[in-house]
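> Input: one structure, supplied below.
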Amino acid sequence: MAGLKDKRGFIDKDRLDLSERKAVEYWMKRWGVTQDQLTTAHRKAGRMIKDIATELGKKR
């Protein structure tokens, strides 16, 4: 499975699971958003990274 490597394994580059702390921290830092903004976008757009990026007005 292709993904972003962290110390425990891989972070899925296509889907965001809000229960995975490392993935949430990665995308917050990459897009410069708060956890609340990321959570809101996730609820509106679903779990696909491309849809969340669009909702936030960011590039994937």
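> Within the range 26-54, how many residues turn out to be in contact with an Asp or Glu (Cβ under 7 Å, 6 or more places away or on another chain) and over 16 Å from Ile11 (Cβ atoms)?
The qualifying residues number 3.
> Among the residues of the range 31-60, write down those that are open to solvent by 50 Å² or more (accessible area, probe 1.4 Å) and not charged (D, E, K, R).
Within the range 31-60, Gly32, Thr34, Gln35, Gln37, Thr40, Met48, Thr54, Gly57 meet the criteria.
> Ok, one more. Regarding the range 7-30, can at least one residue be identified that is at pLDDT 95 or above, outside any helix (DSSP H, G or I), among the small types (Gly, Ala, Ser) and open to solvent by 30 Å² or more (accessible area, probe 1.4 Å)?
no
The values are calculated or read from the model by the stated rules, or taken from the named source; none is laboratory data. None of the values given here were measured: they were computed from a predicted structure. Note that we place each Cβ from the backbone using ideal geometry, even for glycine, and neighbour counts take in every protein chain shown. Ligands, DNA and RNA are excluded from the accessible area calculation, which covers all protein heavy atoms including side chains. Shrake-Rupley method; radii C 1.70, N 1.55, O 1.52, S 1.80 Å.
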